[in-house]
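The values are calculated or read from the model by the stated rules, or taken from the named source; none is laboratory data. Just so we're clear, the structure is a prediction, and the values are computed from it rather than from any experiment. When we count neighbours, we look across all protein chains shown, and the Cβ atoms used for this are built from the backbone with ideal geometry, even at glycine. Surface accessibility is based on the protein's heavy atoms, side chains included, excluding ligands, DNA and RNA. Shrake-Rupley method; radii C 1.70, N 1.55, O 1.52, S 1.80 Å.
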Amino acid sequence: MNGAFTIIAEESDAGQRLDTVVAAHLPVCSRSLAATLIVGKHILVDQQPKKPGYRIKSGDLIQGHIPAAEPVEYEPEPIPLDILYQDRHIIVINKPPGLVVHPAPGHRRGTLVNALLYHCPDLGAIGGEIRPGIVHRLDKDTSGTMIAAKNAAAQEKLARQFKAREVQKKYLALVYGELPSDTGQITLPIGRHPVDRKRMSTTTRKGRAAETTWKVRERLAGLTLLELNLKTGRTHQIRVHCATIGHPVVGDPVYRSRKLFSNLKDKLSNHSLPAIAALKSADRQMLHAWQLSLTHPHSGQYMTFESPLPEDMEALMVILRENG
């Protein structure tokens, strides 16, 4: 929405925050954008600047101007995407391993954002820019289901669901070792590693609560395929939790254990050489975002999206079953 607007507060608006009322009356304006415009004095109440948390009174005259959305600085690129679902509010994709989600120094091209700018010509304004709304992320080498918003209203409602932990996220991971039970729960806090700042750790003084539940999907010789349910969404959560309990994800370059791989080689017989070679050649963590369940931000319908295992992980599983 571009240009000036006028809102006369109604009885139903009384007592609510100014940014909330603006967002409610202007569906294309998110609460976060409204707050930014209010702080910048682009939205006034009775011709006076107010704070985003100002409590509205019935009859208040709210006037403002939403500037035209600017094109985002990143270039659209025709990167192939496996699109699971798309409408004018959201897009859901099966992210391949190796694809960086968001442009950053050193990765300004070839990212998921560049691909979405190309595949979604109907993107709306988010934060004053024409861009996709990334509400959650997957590590570069983690594959699977991701959702992005196409407009500010959808982004805000999705972000609220993720923050309130109303989104169900299920992963599949191939880990070293044979877990003693079929189900379990890990509730270890996660924070930045005290020495290596590129790693996360459960032994940090400033850890944040993290909860992962798991169940065994398949047992192999010295390995286990797990289905994991994230109750929280900390950085590297599954990788850190699995490594901490002694079952790191196969192929993980950061949290791997050379000792576990050596023990596995000793345990397997000579006829399992193809399996050993396949495990050794795994060049990324065998972690896949399998299912994502949430409420559609516009229709209110509860939806579940599912991504099949990527080719490299499926091929590894086949080799392990045949030669494990």
>> Restricting to segment 87-114, give me the number of residues that are over 28 Å from Glu314 (Cβ atoms) and in a loop (DSSP other than H, G, I, E, B).
In response: 8
> Does at least one position in segment 173-184 carry a residue that is within 26 Å of Val135 (Cβ to Cβ) and either surrounded by 16 or more Cβ atoms within 10 Å (Cβ to Cβ) or among the β-branched types (Val, Ile, Thr) (or both)?
Replying inline: yes
>> Being over 21 Å from His236 (Cα atoms), touching a strand residue (DSSP E or B) at 6+ places or on another chain (Cβ under 7 Å) and not in a loop (DSSP other than H, G, I, E, B) is true for just one of Leu84, Leu117. Which residue is that?
In response: Leu84
>> Criterion first (in a loop (DSSP other than H, G, I, E, B), modelled with pLDDT under 95 and open to solvent by 20 Å² or more (accessible area, probe 1.4 Å)) does Arg284 satisfy it?
In response: no
> When you go through (1) buried (at least 18 other Cβ atoms within 10 Å of the Cβ); (2) without any contact (Cβ under 8 Å) to a residue 24 or more places away in the chain one by one for Arg258, which number turns out not to apply?
Replying inline: (1)
> Cβ-Cβ below 9 Å, separation at least six or inter-chain, first residue in segment 188-204 and open to solvent by 60 Å² or more (accessible area, probe 1.4 Å), second hydroxyl-bearing (Ser, Thr, Tyr) and modelled with pLDDT under 85: which pairs?
Replying inline: Arg192/Thr204; Pro194/Thr204
> Does at least one position in segment 169-192 carry a residue that is assigned to a helix (DSSP H, G or I) and of a type in the set (S, T, N, Q)?
Replying inline: no
> Do we have Val28 as modelled with pLDDT under 85, open to solvent by less than 70 Å² (accessible area, probe 1.4 Å) and either on the phi > 0 side of the Ramachandran plot or of a type in the set (Val, Ile, Thr) (or both) here?
Replying inline: no
> Within segment 217-235, is there a residue that is exposed (fewer than 15 other Cβ atoms within 10 Å of the Cβ), within 20 Å of Gln291 (Cα to Cα) and in contact with a Phe, Trp or Tyr (Cβ under 8 Å, 6 or more places away or on another chain)?
Replying inline: yes
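Name every residue in segment 141-165 that is assigned to a helix (DSSP H, G or I) and in contact (Cβ under 8 Å) with a residue 24 or more places away in the chain, in order of residue number.
The answer is Ala152, Ala153, Ala154, Gln155, Glu156, Lys157, Leu158, Ala159, Gln161, Phe162.
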> Under 7 Å by Cβ, and 6 or more places apart or on different chains, what pairs join a residue from segment 26-53 that is part of a loop (DSSP other than H, G, I, E, B) with one that is polar (S, T, N, Q)?
Replying inline: Val28/Asn151; Ser30/Gln155
>> Quick check on segment 206-223. Is at least one of its residues in a loop (DSSP other than H, G, I, E, B), in contact with an Asp or Glu (Cβ under 7 Å, 6 or more places away or on another chain) and at positive phi?
In response: yes
> Which condition does Cys242 not pass, out of (1) at pLDDT below 85; (2) within 20 Å of Thr145 (Cβ to Cβ), if it passes all the others?
Replying inline: (1)
